[in-house]
Amino acid sequence: MGHVNSNDTISLAQLVEWLHQFSTLVNQNKGYLTNLDSAIGDADHGSNMSRGMTAVLDQLPTDGPADAMFKKVGMTLVSSVGGASGPLYGTFFMKLAPALGSNDDITATSLATALRAGLDGVVSRGKAEPGDKTMVDAMAPAVEAIDKSLADGESMAEAARAGAEAARGGREATTEMVARKGRASYLGERSKGHQDPGATSTAYLFEALAASLDGV
Ligand code: ADP
Ligand code: MG
């Protein structure tokens, strides 16, 4: 069980661990992500994310500060991933930086604020609304659940678990949606019945966060 509570701070090492866990999940599920994208896109989401996260870990400055680290993560994704997901995930990570700041210790509140800013960045860059069958359909419920959990007085570890669960729920809900953004939107009604690849990788992002805040 988690032992990060709302009075505790989150360490840079835990955030580095988050990136490692995300990379591991992306790599373990690379073929699956690409299969999902072959149904409603161009069959490259797994390879895009795998290439991006490999570059991120290769170039990761692990000695902090957190804001510089996440700026670098975002820029690496933008420059190493050709697809729509590169700039979108890149924006997400870059937008974490201001709220995390350059302090060694990060509070639950500042992490939640950072995640909210990341989501807002993805929405303003990609212009997807909830229900458009994109990564936003997993990311928005996750951020919402984290905020609610912290507002209810739960620990950051609990909040992150709630976020992961909400992201998984959002991912599942994309199956019945008709895509209105990205390549899948070219299929119109025929995109229905297929789970969105980007929402699937975003569920891994929040599962990775929960795992990194749980066990360290
Ligand atoms: P590409 O579509 O360029 O091949 P990827 O296959 O790597 O890029 O990523 C596809 C995913 O990106 C989609 O499944 C969707 O979740 C996400 N996506 C595409 N366009 C948008 C957008 N405008 N806003 C948010 N997410 C988007
Ligand atoms: Mg694709």
Provide the per residue accessible area, probe 1.4 Å, for the chain, rounded to a whole number of square angstrom. 42 Å²
Quick one: 3J(HN,Hα) in Hz for the range 170-187, Karplus 6.51/-1.76/1.60 with θ = phi - 60°, rounded, Gly and Pro as x. x, 4, 4, 5, 5, 4, 7, 7, 9, 5, 10, 9, x, 4, 4, 5, 5, 7
Rg to Rh quotient for the chain, alpha carbon positions, Kirkwood Rh: 0.95
Could you rank the peptides 202-208, 143-149 by their average count of other C-beta atoms within 10 Å per residue, with the highest value first? 202-208, 143-149
The chain, helix-only ellipticity at 222 nm - DSSP H runs n ≥ 4, -39,500 (n - 2.57), divided by all residues, nearest 500: -22500 deg cm²/dmol
Which of the lysines could a cross-linker bridge to Lys192, judged by Cα under 29 Å and excluding same-chain residues fewer than eight apart? Lys30, Lys127, Lys133, Lys181
Of Pro65, Pro141, Pro197, which is the most mobile in a GNM of the chain whose springs link Cα atoms less than 10 angstrom apart? Pro65
Under a Gaussian network model of the chain whose springs join Cα atoms within less than 10 Å, the largest fluctuation of Arg183, Arg168, Arg116 belongs to Arg183
Quote the charge dipole size of the chain about the Cα centre in Debye, to the nearest 20; the model charges only the Cβ of Lys and Arg (+1) and of Asp and Glu (-1). 800 debye
Largest first and in whole Å, what are the equivalent-ellipsoid semi-axes of the range 50-126 based on the Cα gyration tensor, each being the root of 5 times an eigenvalue? 20, 16, 7
Ignoring ligands, DNA and RNA, what percent of the 1.4 Å accessible area of the range 90-216 is carbon and sulfur? 49 percent
If the elastic network links every pair of Cα atoms under 10 Å, which of Thr200, Thr109, Thr174 fluctuates the most in the Gaussian network model of the chain? Thr109
Calculate the length of the line joining the C-alpha centroid of the range 38-60 to that of the range 93-127, in whole Å. 22 Å
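The values are calculated or read from the model by the stated rules, or taken from the named source; none is laboratory data. This one's a predicted model, so the numbers in the text were calculated from it and none came from an experiment. Here the Cβ is made from the backbone with ideal geometry for all residues, glycine too, and neighbour counts use every protein chain on show. Ligands, DNA and RNA are stripped out before the accessible areas are found, and what is left, the full protein with its side chains, is counted by its heavy atoms. Shrake-Rupley method; radii C 1.70, N 1.55, O 1.52, S 1.80 Å.
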